[in-house]
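Structure record follows, encoded as structure tokens.
The values are calculated or read from the model by the stated rules, or taken from the named source; none is laboratory data. These numbers were taken from a predicted model, which means no experiment stands behind them. All Cβ positions, even for glycine, are placed from backbone atoms using ideal geometry, and neighbour counts span all protein chains on display. Calculation scope for accessible area: heavy atoms of the full protein, side chains included, ligands and nucleic acids excluded. Shrake-Rupley method; radii C 1.70, N 1.55, O 1.52, S 1.80 Å.
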Amino acid sequence: METAPEKAPLVSIIILNYNGADLLPACLDSLHDLSYPQYEVIVVENGSTDNSMEVLARYSWVKVVRTERNLGSSGGYNFGLPHSRGEFVLMMNNDMIANREFVSVLSRYLIEHPQVGIVQGKMVLPRSNGTLEVCGSFLTRCGFPYHYGYYKPDGPKYQRNYSVFTGKGACMMFRREVIDQAGGYYFNPEFHCYYEETDLCHRACLAGYETHFVASPPIQHLSGVTIARSEKAGFNLEYYLRNMMFSLLTNLELRSMLRIMPLYFAMFIGSMAAAGLTAQWASATSHWRALWHNLCSMKRIRRQRRRMRAIRRQSDREIFAKVLRNPRLEYFLKTFQGRLGEYID
């Protein structure tokens, strides 16, 4: 069942591209003939040095906006958002291959569930034997996210819709109004990349919205190709950890911080020590740099906490009732060992 044209809000699909000339054709071709009646496609050309612009010139129906340099994913999406007009906005990686129905399914879900501000669709990983990408993530009592469904075969657990703490930014649709209510900005530009979508979802929770995983017809995610090409060892872990720490310290209520952050830091220090003891120097250094960055950012953290208090419409207790779920200890051990696919949700 397709959304009736007269009721279909315009959907702006924003794709971030950095040196993805070989990825763009499959991605854009998959978006050419969607079943959804009203959508626009915008590519943010994020300082590429390959022939991406030559490829994009073949797609006259795609709006292209260019940055002068690589602004990272946070800066790139922030740059692209003002060029979009849609009531709903879909952020999408350039290494995605869509199906005809997924925009219709996600937009219809937002229309039918007014309390939901953000939705994530189902994705599969063709380079990992067709296993699932993250099917939404939950918050845990130690602050680290529980990535539900990651590297798992599809099954009944993931064939339903449910509330989550955060969606996966590779394919996430949100109401434009969420931006105004969740602090007045899209992604924190200082994050550069990693955890920016989780921070947005957390701020949306504070503002009274929910984030849901929607069991849409799965789309393909080649997963991490652009980052793997462009970043040095340890870069992704450093930014992920430092941005997660900043977000938790600024978005949690004081009593929640006193409950969650001691366990968070215990696990953080334990992970850093384990990395050092096993000679994983890039990982150990990334942990230390993430911690030092936040220790040097206490003034910014205090300012951000004041901003978040001003937008809060739900208490942490209300939020946790919907999105807090604790996996077994085995989950964190297998994550550290790089064997997450063996964990059974």
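Kindly indicate whether any position in the range 45-63 is among the aliphatic types (A, V, I, L, M) and either touching a His at 6+ places or on another chain (Cβ under 7 Å) or touching a residue at least 60 places away in the same chain (Cβ under 8 Å) (or both). Within the range 45-63, not a single residue is among the aliphatic types (A, V, I, L, M) and either touching a His at 6+ places or on another chain (Cβ under 7 Å) or touching a residue at least 60 places away in the same chain (Cβ under 8 Å) (or both).
Of the residues in the range 79-89, at least one is of a type in the set (Phe, Trp, Tyr), closer than 24 Å to residue 239 by Cβ and crowded, with 18+ Cβ neighbours inside 10 Å.
Against the test of being free of Cβ contacts under 8 Å to residues at least 12 places away in the same chain and among the hydrophobic types (A, V, I, L, M, F, W, C), the options 340, 329, 324 yield a single qualifying residue, 329. Cβ-Cβ below 8 Å, separation at least six or inter-chain, first residue in the range 241-270 and of a type in the set (Asp, Glu), second in a helix (DSSP H, G or I): which pairs? Here the result reads 253/316, each pair linking the range 241-270 to a residue that is in a helix (DSSP H, G or I).
Quick one: count up the residues across the range 39-76 that are polar (S, T, N, Q), more than 20 Å from residue 193 (Cα to Cα) and in contact with a helix residue (DSSP H, G or I) (Cβ under 7 Å, 6 or more places away or on another chain). Quick ask: steps written out before the conclusion?
Here is the first cut: in the range 39-76, the residues polar (S, T, N, Q) are 46, 48-49, 51-52, 60, 67, 70, 73-74.
Now narrow it down to the ones that are more than 20 Å from residue 193 (Cα to Cα): 51-52, 60.
Subset that is in contact with a helix residue (DSSP H, G or I) (Cβ under 7 Å, 6 or more places away or on another chain): 52.
Of the residues in the range 39-76, 1 are polar (S, T, N, Q), more than 20 Å from residue 193 (Cα to Cα) and in contact with a helix residue (DSSP H, G or I) (Cβ under 7 Å, 6 or more places away or on another chain).
Filtering the range 149-162 for residues that are surrounded by 22 or more Cβ atoms within 10 Å (Cβ to Cβ) and either among the hydroxyl-bearing types (Ser, Thr, Tyr) or assigned to a strand (DSSP E or B) (or both) leaves an empty set.
Within the range 34-60, restricting attention to residues that are out of contact with any strand residue (DSSP E or B) (no Cβ under 7 Å at 6 or more places or on another chain) and hydrophobic (A, V, I, L, M, F, W, C), which residue is nearest to residue 219 (Cα to Cα)? Here the residue is 34. For the range 32-130, the helices (runs of 4 or more DSSP H) that sit wholly inside it and include 2 or more residues that are modelled with pLDDT of 95 or more and more than 16 Å from residue 169 (Cβ to Cβ) are 52-56, 102-112. Inspect all residues belonging to the range 221-237 and state whether any of them is within 17 Å of residue 128 (Cβ to Cβ), in a strand (DSSP E or B) and either touching an Asp or Glu at 6+ places or on another chain (Cβ under 9 Å) or at pLDDT 95 or above (or both). Yes, that holds for at least one residue.
Against the numbered list (1) open to solvent by 40 Å² or more (accessible area, probe 1.4 Å); (2) farther than 20 Å from residue 205 by Cβ, residue 168 comes up short only at (2). Residues in the range 315-345 that are within 26 Å of residue 272 (Cα to Cα) and part of a helix (DSSP H, G or I): 329, 330, 331, 332, 333, 334, 335, 336, 337, 340, 341, 342.
Can you pull out the residues in the range 173-191 that are over 18 Å from residue 120 (Cα atoms) and surrounded by fewer than 20 Cβ atoms within 10 Å (Cβ to Cβ)? Within the range 173-191, 180, 181, 184, 185, 189, 190 meet the criteria. Only one residue in 247, 256, 297, 315 is more than 25 Å from residue 163 (Cβ to Cβ) and among the hydroxyl-bearing types (Ser, Thr, Tyr), so which one is that? When all the criteria are applied, what remains is 297. Of the residues 93, 17, the single one that is touching a residue at least 60 places away in the same chain (Cβ under 8 Å), surrounded by 18 or more Cβ atoms within 10 Å (Cβ to Cβ), on the phi < 0 side of the Ramachandran plot and touching a Cys at 6+ places or on another chain (Cβ under 8 Å) is 93.
Of the residues that sit in the range 292-331 and are of a type in the set (A, V, I, L, M) and closer than 21 Å to residue 180 by Cβ, which one is surrounded by the most Cβ atoms within 10 Å (Cβ to Cβ)? The extreme case among them is 319.
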